[in-house]
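Undergrad: Provided herewith is a single structure, encoded as C-alpha cells, for subsequent inquiry.
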C-alpha cells in the first residue's frame, strides 16, 4: 500500500510540474513573437534593480498599508513553501516529517511557518475587505469587471485554503504535537480534535497533507491564467527593464539613416540602401510589432491599478487606463498564441489587431507621456512604450493624428517652430 501511495504521489508531482512547464513554454513562444530587443547592457544596474524591486519589494511600500500586507503574504508564501521540500521527500520515499531530525531547528522553522500562516490569513482578510467591502476606487475601473475581479478573489481564497490546510495538517499530527508541545498556533487547534480516535485523526492529517500539496500544484498551474503570474515574471521583468532615463525614446534606425543621408552632401540619394535597415512598418498596430520586453511586460502586469490611479488623463475622466493597455496587450497576445497553435504554428489572419479591436485611438491620444505610470509600477512595467509605438504607427503609417497635432507638425516643417508664424516675424511681439 505504501508503494502505491508513493507512485500516486510521483504521478501527481510529475503531472503538476509537467503541465506547468508546458504552460511556461507556451508563454515563452508567445513572447518570442515580438521583435528582438537590443543586447543586455548595464548588467550590474539591472541586477540591483531586480534585487531591490522584485526581491526587496522596494516600490510596494510607497503605499505602506498595501505594501506591508503584500510583503507579509509574499514572505509567507515563499517561506512556508520551504516545507514543500519535506512533503516531496516524504511523498516520494514514504517517510514522515523527514526533516524533524533537525531537532530544535525544525521546531523553530515550523513555529515560524505557523506564525507566518496566521499573518498571511490576516493580510488576505484585509485584502479581501479592500476589494469587496471598502471597494477602493482603482479596483472598480471598467477593465476590472468580470474575470479580473473574480481572479483577484480566487487567489485570496486559494491562499486561505492553503494556510488552513497547513495548520490543520500540523494540528492533527498527534506524534508531531507530542514531540513539539510548544507549537505556537497548532497546539491551540489540536484540542478541538480530542474526541476523535487516533485512526480517524491520522486520516484527517493525511487528507490535509494530500490536499495541501495538491493545492500547491493547482495554484502553480493556475498562475498562467492569472494576474499572479508576476510572482515568477517580476524577476526577469525588473532585470530586463529599461535603465535609460524616463522620457528618453528610441530612434528608428531607418529614419536616422535617412536624416544622415539628407545632411551628408556627398551622399548619393539614389544609392541602394542596406536591406537590413528596411522597415516594413513604422510603429505598432498589433502584438507582432511590439518587442519581446513589451510582451513580457504584458504578462507581468499585476493588475494592481497603481499606474491608472496616478494617470492624470484617467483622473480627468479620459478613457485611458495604463493598466487596461497592458491587459489588452496580454489578451491579444494570448489570442494570437492560440491562433498559431490551432493552425500548426502559422498565424491565420483573424481580421483583428491590437489597435481598434482592443485599444481605442482615443485612449492613445489621451496620454500626456508624463511617465507617472512607469514610475509607479511596482514591477517596472512600461505602458508608455506601447502607447508611443502605437501613436508612431498612427502618425507615420496612417497620417492619423488629432487636428491640433497635424497643425503643429506642419508648422514645424514649414516654420521650424510649432507656431504659425514665419521665422522673420517671430519677434514682432516685442513691438506691441
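We did not get these values from a lab; they are worked out from the coordinates using the rules stated. Nothing here was measured: the structure is a model prediction, and the numbers come from that model. Note that each Cβ is placed from the backbone with ideal geometry, even for glycine, and that neighbours are counted across all protein chains shown.
Undergrad: Report, by residue number, each residue of the stretch 76-91 that is more than 16 Å from residue 118 (Cα to Cα), without any contact (Cβ under 8 Å) to a residue 24 or more places away in the chain and either loosely packed, with under 15 Cβ neighbours inside 10 Å or within 19 Å of the chain's Cα centre (by Cα) (or both).
TA: Answer for the stretch 76-91, where residues must be more than 16 Å from residue 118 (Cα to Cα), without any contact (Cβ under 8 Å) to a residue 24 or more places away in the chain and either loosely packed, with under 15 Cβ neighbours inside 10 Å or within 19 Å of the chain's Cα centre (by Cα) (or both): 85, 89.
Undergrad: Kindly establish whether residue 320 is more than 13 Å from the chain's Cα centre (by Cα), surrounded by 18 or more Cβ atoms within 10 Å (Cβ to Cβ) and outside any loop (DSSP other than H, G, I, E, B). Show your work before the answer.
TA: Values: more than 13 Å from the chain's Cα centre (by Cα): yes; surrounded by 18 or more Cβ atoms within 10 Å (Cβ to Cβ): yes; outside any loop (DSSP other than H, G, I, E, B): no.
It is false that residue 320 is more than 13 Å from the chain's Cα centre (by Cα), surrounded by 18 or more Cβ atoms within 10 Å (Cβ to Cβ) and outside any loop (DSSP other than H, G, I, E, B).
Undergrad: Surrounded by fewer than 13 Cβ atoms within 10 Å (Cβ to Cβ) and touching a helix residue (DSSP H, G or I) at 6+ places or on another chain (Cβ under 8 Å): is that true of residue 73 in this structure? Explain how you work it out, then say what you get.
TA: On the way: surrounded by fewer than 13 Cβ atoms within 10 Å (Cβ to Cβ): no; touching a helix residue (DSSP H, G or I) at 6+ places or on another chain (Cβ under 8 Å): yes.
Taking the combined requirement at face value, the residue does not satisfy it.
Undergrad: Check every one of the helices (runs of 4 or more DSSP H) wholly within the stretch 114-198 and list those with 2 or more residues that are closer than 18 Å to residue 80 by Cβ. It would help to see each step written out before you state the result.
TA: Numbers: elements: 147-171, 174-179, 186-189.
Correct list: 147-171, 186-189.
Undergrad: Out of the stretch 1-57, which residues are more than 22 Å from the chain's Cα centre (by Cα), outside any loop (DSSP other than H, G, I, E, B) and over 23 Å from residue 220 (Cβ atoms)?
TA: If the condition is that a residue be more than 22 Å from the chain's Cα centre (by Cα), outside any loop (DSSP other than H, G, I, E, B) and over 23 Å from residue 220 (Cβ atoms), then 2, 3, 4, 44 are the ones that fit.
Undergrad: Can you go through 152, 215 and tell me which one is surrounded by 20 or more Cβ atoms within 10 Å (Cβ to Cβ) and in contact (Cβ under 8 Å) with a residue 40 or more places away in the chain? Break it down into steps so the answer makes sense when it comes.
TA: On the way: 215 fails: surrounded by 20 or more Cβ atoms within 10 Å (Cβ to Cβ).
Among 152, 215, only 152 is surrounded by 20 or more Cβ atoms within 10 Å (Cβ to Cβ) and in contact (Cβ under 8 Å) with a residue 40 or more places away in the chain.
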